[in-house]
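What follows is a short report on a single structure.
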Amino acid sequence: MAIREISSSPYLDQKPGTAGLRKKVSVFQQPHYLENFVQAVFDCVPALKGATLVIGGDGRYHNRDAIRVVVAMAMANGVGRIIIGQGGLLSTPAASHLIRKHDAAGGFLLTASHNPAGPDGDFGIKFNIAGGGQAGEGLTQRIYERSKAIDGYRIYEGANVDIDRRGTVVIDRTSIEVVDCVDDYAELMQGLFDFDRIADWISRGNGVRFDAMHAVTGPYAQRILVEQLGAPAAAVINATPLSDFGGGHPDPNLVYGKHLFDLAMSEGAPALIGASDGDGDRNMILGKGIFISPGDSLAMLAAHLPRLPGYRSGLRGIARSMPTSRAADHVAKALKVPLYETPTGWKFFCNLLDAGDVTICGEESFGTSSSHTREKDGLWAVLAWLNTLAVTGQSVEQIAQQHWHRYGRHYYARHDYEGLKGPDAEAVMQAFSGTLGALPGHKLGDWEVTLADEFSYQDKVDGSLATGQGLRVVCGDHARIVLRLSGTGTQGATLRVYLERYESDPSALGWTVADALAPLRTALESLARIGELTGRNAPDLVT
Ligand code: G1P
Ligand code: ZN
């Protein structure tokens, strides 16, 4: 036995945000910083002793060093079996699937999602629980409390596991397996979608382009799209995972995926263009001449899912986060299934998925997935679209037009104000909050305010209550303004403003998003006074 007990002093800033603990790489490189947090997790999850643990990451800078530490600490803390993605890689949805498949007691996902990587970039660690979902509020809070009191950790010295070589080694009482990072995930996708039909559709000359953004989905897209579905090699771009993501910002949206938007609008654009983010859980969908907003993508996929092999028994329900556009609500109504509105963050979907209440769920932040895993899943969304195109024989544009004519269209945008001073961001929230009480019954643009409140959510499965989940002004079905502060940023505060407007008149379906939302932008300025309170005249990012 080469287990050492190392003493350390606690750091007081290890409070996980919307999706795990994210900090600058330099913060994680402080002595014992990662170790303390990991020990806090082992202390709070005794079920890991003797059980199976999954470990993998998005391949960013510091991934390998961190994995070495987590493996050595898992051995010292009595984990029975460790499953590691080869090269330290596992996309977030693939890691969640492995936890489920192997009945693991949990998994460590080393990722800061789409945040820039490299020595000056961000790093992150997230603990997922048995069943594959993200740790809930209660456990997250206990881990944080433990991290503030921790005085040491246990680590195994001298194990030297080669994470690049597949196979199993047994060291003392721990079995350590290095597995191919794609195999199990690809098999899962094959069970959900009609690969023959998609392959046939591709072979008939329908073009596909997928941008892995030099992050974790490269090997997954290469295997599934090129090797299994027969797309030409050039269909997958930026396919090699790099530790600095090629210097890019792997967050597929209209800003960081602008080149994909330009491609979609170009002559000879592929029939489907998709992309995923750093850790493979987000997705962006475009077709020839059109960008599909995430809220629309959720609604359109929900409407078509029952035609795809893995979902033929129909949908149990649909869930979306509160700020996500209400397009999916109309589909749920038509399908006569429940619609659940949860706070931001995937963890809130997990109880509903576990209870079998929901088949598909999604967020406005380019996240969509289904009951097949407990994380959002970028490549899944791309494959679901491909399968939908193959079975309907329609283009992305035709599917969208048909959808809007049937259900109406939700014009939608999110405005992000990044790197604000904490007190300035709070002042905006205060100002907006202060106006809410008087709004119901009054006009906002052309519409009457029907509800103005702070969103809170009671989990119907475990009864837990999440308060302070965003401020909203609702004008019936017609329009909404939502404000909340981000829980994933690593610098200053990020204010997110969500604007939504619904139109069902056929003559109102072809406006530009900016024109449609203009009255809401005007109302926002008088209610939240963002310019006056933060000194910012415009958002940093509009998606
Ligand atoms: C953001 C998104 C949220 C998503 C999370 C993790 O969180 O808004 O939908 O689940 O990233 O990808 P936020 O920074 O808004 O707290
Ligand atoms: Zn992500």
Query raised in the report: In what order do Asp329, Asp262, Asp211 fall by count of nearby beta-carbon atoms within 10 Å, going from fewest to most?
Result: Asp262, Asp329, Asp211
Report task. Among Val449, Val216, rank each residue by its count of other Cβ atoms within 10 Å, from fewest to most, as a rough exposure measure. Result -> Val449, Val216
**Report entry** Loop sites in the range 383-448: GluC sites (Glu not before Pro), DSSP, at most 16 other Cβ within 10 Å
**Finding:** none
Query raised in the report: Short version: ³J(HN,Hα) in whole Hz for each residue of the range 478-489, in order, from phi by Karplus 6.51 cos²θ - 1.76 cosθ + 1.60 (θ = phi - 60°), x for Gly and Pro, what are they?
Result: 6, 7, 8, 10, 10, 10, 7, 9, 5, x, 10, x
Query raised in the report: To the nearest Å, what is the center-to-center distance of the range 366-402 and the range 222-287, using C-alpha atoms only?
Result: 15 Å
Report summary line: Violations at 31 Å Cα threshold for listed pairs Lys23/Lys288; Lys24/Lys258; Lys258/Lys421; Lys126/Lys421 -> Lys23/Lys288
Requested in this report: Sketch the reach of a paramagnetic label on Lys333 as a point 7 Å from Cα along Cα-to-Cβ, and name the residues of the range 370-412 whose backbone nitrogen lies under 13 Å away.
Outcome: 406-410
Query raised in the report: Rounded to the nearest 0.05, what FRET efficiency is calculated for Gln430 and Arg307 with R0 set to 56 Å and r the Cβ-Cβ distance?
Result: 0.70
Requested in this report: Rounded to whole Hz and in sequence order, give me ³J(HN,Hα) for the range 9-14 from the Karplus expression 6.51 cos²θ - 1.76 cosθ + 1.60, θ = phi - 60°, writing x for Gly and Pro.
Outcome: 10, x, 9, 9, 10, 9
**Report entry** Proxy reagent accessibility, fewest Cβ within 10 Å first, across His102, His304
**Finding:** His102, His304
Query raised in the report: Residues of the range 47-84 with amide nitrogen under 18 Å from the 7 Å Cα-to-Cβ point of Ala149?
Result: 47
Query raised in the report: For the range 474-523, what is the relative contact order in percent, using Cα pairs closer than 8 Å and at least 6 residues apart in sequence?
Result: 32 percent
Query - Normalised contact order of the chain, rounded percent, pairs of Cα under 8 Å and 6 or more residues apart - result: 13 percent
Query - ³J(HN,Hα) computed for each position of the range 155-162 - Karplus, 6.51 cos²θ - 1.76 cosθ + 1.60, integer Hz, glycine/proline x - result: 9, 8, 9, x, 7, 6, 7, 8
Query raised in the report: Angle, helix 92-101 long axis vs. longest principal axis of the chain, Cα atoms, 0 to 90°, nearest 10?
Result: 60 degrees
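Readers should treat all values here as calculations from the given coordinates under stated rules, not as data from a laboratory. A quick note: this is a predicted structure, and the numbers were derived from the prediction, not measured. Neighbour counts are summed over all protein chains in view; Cβ atoms, including those assigned to glycine, are modelled from backbone coordinates with ideal geometry.
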